[in-house]
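The block underneath contains the structure these notes are about, expressed in structure tokens.
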Amino acid sequence: MGVMPTTPPSPASAASADPRNESIAALSTFGSIRRLYPFVRPAMPRLIGGLLSALGASLAALAIPQALKWVVNGPLAAGAQERDWRGLAVAVAIVLVLGLAEAGLILLRRTLVMFPGTQVEADMRMALFRHLQNLPIAFHDRWPGGQLLSRIMGDLGLLRRWLIFGVLQLVVSATTIVVGIAILVATAGWLGLVYLAGAIPVVVIVFRFSRKYRLISRQSQDQSGDLATTVEESVHGIRVLKAFGRGRDALASFTDQADELRRTEMKKASVDAGLMTSLTLIPELTIAACVVLGTILAADGQIDLGDLVMFFATTAVINGPVVDLGMTLSMTLNARTAVDRYFEVIDTPNTVADPAEPVRVPIPAGEVSLRDVTFRYEDAERPVLEHVDLDLPAGTTTALVGLTGSGKSTLAMLVPRLFDVTGGQVLLDGADVRDLTRDQVRTTVAVAFEDPTLFSASVRDNVLLGVSDDLPAAEREARLHEAIDVAQAQFVADLPLGVETRIGEEGLSLSGGQRQRLALARAVAARPPVLVLDDPLSALDVTTEEAVTARLRDVLRTTTSLIIAHRPSTVALADRVAVLRDGRITAVGTHSELLARDPHYRHIISSLEEDYASHVHAAALDTETEPEEQSL
Ligand SMILES: Nc1ncnc2c1ncn2[C@@H]1O[C@H](COP(=O)(O)OP(=O)(O)O)[C@@H](O)[C@H]1O
Ligand SMILES: [Mg+2]
């Protein structure tokens, strides 16, 4: 995450920088939208039903002018001579029935498509979320949260509205126009052809509009994603912003982005307005021309009055759909953008996937080995880890020590396969982690990260996150309390509802040390064969830390653990210490051995807080003389 207030988050979103988008953009709107089919298929019967009702409604509307023609040429023409009351009654009845049918069919259409629209939206939303959960950390490092948020909320909402309203309206408008013009050409000869000629500029304008509108629509939807990212980051970092008095800058940068989006929306509206004007004006001008021609033709007796009335009544029926076409066209183009943006995420392959034929490890012993491991972050120039060999024998505790940026956290993330190595292997009980299912790996390895993440859920749910729901309630309860005890998180008892207290988003209602203890409790509660702790005690005070350390010894006795330590007192927990320097393991040994022979280790230890260094040094010297302490 960049420093939000001074540098606005990458304005060109990850998505628009992706070269793959070029090929997506090259797809036609139809080609894009066709990709919806798998999601829409279950809703097809209802959608088709809705479409048929809509078509029926517009055919009923188109038939009304025919009845009018019949009235004009029949009962009306008969006029004064003989009043054809019966004919008139029949005509009125027909118009009435057609009108009722139109209204009924419109209602039917609404009811039919409401369900599929919302269903498709929900299905697509779930599929996207599932995919997001599945995608590796590397993907989430690259994609700003707001872009995903805007896709999962905004774009899918657009799609639903289009499915419920736009797509049917588009088909119905197009059909009404085509059938209407066909009727005009067939029954009104020249007059119909003049009207048809009006369609030529409309087609040209629609085509030019589509090209322009598509780009603006993409821009606007990307910009709302960037805006969402800004909101997300500033809410996330609200404490920092407030503490550094950067609220004003955050507001300024937000205002700029919001204004940019507003300008894009204005541009979009003005392009849209241009289309609407043309679509209103051109038919009106055509009709004006038809009025002139129609009057001449009628005066010459080349067209009878009934046909003339029918002609103009029909053009009135077509006019509505022509204007609607403009509206539904922009909706369709927005929907297309939404589909493109949606599939950009869905199409991203999962690089950390389960193997086709996973290896089975019946009872994990928890032995971990890194063999000649090299790791480079995507887009990074240099590897973070190079030729790392490290064995964590089952049941032992290894401390990983190194200066900031030496690659400790990175190494820790390779064990639960949050990233895949770029060279070498990470072995879990002799099996490459890539040959195991991710479920297997992650039930074997539990992690407490440096930066503890909590969810807005109860303390209980946060701590039991890694504990199977299938476990008996009593067992879960026991795990909960044991973990809280080990992590010295007894403070939860003082929360208003104890372990049932819902902690705020990201656990922000707790102190850093409290959050860290809950994250540690979570890792401990999972009772994993392998425990990876990324500096789990850094935010604790000395007394609490000592208490946690004492209790952790018990837990670590049965577990293979890798503890990243920034404090000598944490190092004291370990059987062995591995020193990581510039991405390589340079020394492995006990704390005292390394102190004696490794200058870099001495440098690291002395660069840690002075009082801690002396504290642990003394502790380490103690352990040397006390054999039972040696076997931690
Ligand atoms: N997601 C990432 N993408 C690219 N580089 C990263 C990423 N995370 C860490 N790095 C880089 O990798 C190096 C090692 O980082 P890290 O493993 O966090 O070190 P440590 O935990 O030892 O302080 C650093 O130079 C850091 O900038
Ligand atoms: Mg780190």
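Determine by what factor the alpha-carbon radius of gyration of segment 330-369 differs from 2.2 N^0.38 Å, reporting the quotient.
Ratio of Cα Rg to 2.2 N^0.38 Å: 2.26.
Near the amide H of Leu400, under 5 Å away, which other amide H atoms are found, from residues 5 or more places off or on another chain, if H is placed in the peptide plane?
Sorted by chain and number, the residues that satisfy this are Ile563, Ile564, Ala565, Ala578.
Using the Karplus equation 6.51 cos²θ - 1.76 cosθ + 1.60 (θ = phi - 60°), what ³J(HN,Hα) coupling, rounded to whole Hz, does each residue of segment 435-443 give in order, writing x for Gly and Pro?
So the Karplus estimates, Gly and Pro as x, are 8, 9, 6, 5, 4, 4, 4, 7, 8 Hz.
With a cut-off of 8 Å between alpha carbons and a minimum separation of six or more residues, what is the relative contact order of the chain in percent?
14
Expected output is a single nm value to one decimal: the length gained when fully extending between Val291 and Ser592, i.e. 0.36 nm times separation in residues minus the C-alpha distance. What is it?
Full extension from Val291 to Ser592 adds 98.0 nm.
Just need the Rg to Rh number for segment 24-142, please, alpha carbons only, Kirkwood Rh.
1.34
In percent, how large is the relative contact order of segment 380-630, given Cα pairs closer than 8 Å and 6 or more residues apart?
Once divided by the residue count of segment 380-630, the mean separation gives 29 percent.
Solvent-accessible area of Ile585, probe 1.4 Å, all protein chains present, reported in Å² to the nearest ten, please.
Accessible area of Ile585: about 40 Å².
Taking the Cα centre of each part, how many Å lie between segment 138-192 and segment 270-288?
Result: 19 Å between the Cα centres.
Might you report the magnitude of the Cβ-based charge dipole of the chain about its Cα centre, with Lys and Arg at +1 and Asp and Glu at -1, to the nearest 20 debye?
Here the chain has a charge dipole of around 2840 debye.
Within the set of other residues whose C-beta is less than 9 Å from the C-beta of Gly145, count the net charge using Lys and Arg as +1 and Asp and Glu as -1.
Taking every other residue near Gly145 into account, the sum is -2.
Calculate, in whole percent, how much of the Cα-Cα pair population of segment 116-207 lies beyond 23 Å.
Tail of the P(r) past 23 Å holds 53 percent of the pairs.
Per q in 0.15, 0.22, 0.25, 0.26 Å⁻¹, report the Debye log10 I(q)/I(0) for segment 484-566, using one uniform scatterer on each alpha carbon and no solvent.
-0.53, -1.09, -1.32, -1.39
Arg46: net charge of surrounding residues, Cβ under 12 Å, Lys/Arg +1, Asp/Glu -1, itself excluded?
It works out to a net charge of +3.
Summing +1 for each Lys or Arg and -1 for each Asp or Glu, what net charge is found among the other residues whose Cβ lies under 9 Å from the Cβ of Ser32?
Neighbour charge sum, excluding Ser32 itself: +2.
What's the center-to-center distance, using Cα atoms, between segment 332-384 and segment 537-572 in Å?
The distance from the Cα centre of segment 332-384 to that of segment 537-572 comes to 32 Å.
Per q in 0.08, 0.15, 0.17 Å⁻¹, report the Debye log10 I(q)/I(0) for segment 116-346, using one uniform scatterer on each alpha carbon and no solvent.
Here log10 of I(q) over I(0) equals -0.45, -1.01, -1.16.
Segment 30-54 to segment 429-500: how many Å between their Cα centroids?
That distance is 44 Å.
Is the C-alpha gyration tensor of segment 386-436 telling us rounded, prolate or oblate? Criteria: a/c under 1.5 is rounded; beyond that, a/b larger than b/c is prolate, otherwise oblate.
Verdict is oblate for segment 386-436.
Whenever you get a sec, line up Leu108, Leu184, Leu608 from highest to lowest accessible area (probe 1.4 Å, protein heavy atoms).
Leu108, Leu608, Leu184
Quick one: which residues, 5 or more positions from Asp389 or on another chain, have an amide H under 5 Å from its amide H? H modelled 1.01 Å from N in the peptide plane, none for Pro or chain starts.
Amide H neighbours of Asp389, under 5 Å, 5+ apart: Asp372, Val373, Ile585.
Are there trypsin sites (Lys or Arg not before Pro) in segment 348-441 that DSSP puts in a loop and that have at most 14 other Cβ atoms within 10 Å, and which ones?
Passing sites in segment 348-441 are Arg360.
If ligands, DNA and RNA are left out, what is the accessible area of Lys267 with a 1.4 Å probe, given in Å² to the nearest 10?
Number for this one is 100 Å².
Could you give me the ³J(HN,Hα) list for segment 408-423, computed from phi with Karplus coefficients 6.51, -1.76, 1.60 and θ = phi - 60°, whole Hz, x at Gly and Pro?
Per residue, the Karplus-derived 3J(HN,Hα) values read 5, 4, 4, 4, 4, 6, 6, 5, x, 6, 6, 10, 9, 4, 8, x Hz.
Any idea how far apart Ala197 and Leu88 come out in nm if each label point goes 7 Å out from Cα toward Cβ?
4.0
What are the DSSP H helices in the chain that stretch 15 Å or more along their long axis, judged by alpha-carbon atoms, and whose average Kyte-Doolittle hydropathy comes to at least 1.0?
What comes out of the filter, once short or polar helices are dropped, is 44-71, 167-188.
Among the aspartates and glutamates, which have Cα under 16 Å from the Cα of Lys69 when same-chain residues fewer than 8 positions away are ignored?
Asp84, Asp304, Asp307
Which log10 I(q)/I(0) values, to two decimals, does segment 388-490 give at q = 0.11, 0.15, 0.22 Å⁻¹ under the Debye formula with one point per Cα?
One equal scatterer on each Cα of segment 388-490 leads to -0.45, -0.83, -1.33.
State the dimensionless ratio Rg/Rh of segment 101-153 (Rg: radius of gyration of Cα atoms; Rh: Kirkwood radius).
Looking at segment 101-153, the ratio lands at 1.30.
Ratio of the chain's C-alpha Rg to 2.2 N^0.38 Å, to two decimals?
1.39
Calculate the dipole size of segment 116-346 relative to its Cα centre from +1 charges on Lys and Arg beta carbons and -1 charges on Asp and Glu beta carbons; express the result in debye to the nearest 20.
Dipole of segment 116-346, to the nearest 20 debye: 800 debye.
How about segment 78-164: which trypsin sites (Lys or Arg not before Pro) there are in a DSSP loop, with at most 12 other Cβ atoms within 10 Å of their Cβ?
Of the trypsin sites (Lys or Arg not before Pro), the ones in loops of segment 78-164 whose Cβ has at most 12 other Cβ atoms within 10 Å are Arg83.
Give, rounded to the nearest 20 debye, the magnitude of the charge dipole that segment 380-630 has about its Cα centre when Lys and Arg contribute +1 at Cβ and Asp and Glu contribute -1 at Cβ.
Roughly 400 debye for segment 380-630.
If only Cα atoms are counted, what is the Rg of segment 380-630, and what is its Dmax, in Å?
18.1, 52
Over the chain, what percent of the accessible surface lies on carbon and sulfur atoms, probe 1.4 Å?
Here it works out to 62 percent.
The values are calculated or read from the model by the stated rules, or taken from the named source; none is laboratory data. Since the model is a prediction, treat every value here as computed from it, not as a measurement. Neighbour counts run over all protein chains shown; Cβ positions are idealised from the backbone, glycine included. Areas reflect the complete protein model, heavy atoms only, side chains present, ligands, DNA and RNA absent. Shrake-Rupley method; radii C 1.70, N 1.55, O 1.52, S 1.80 Å.
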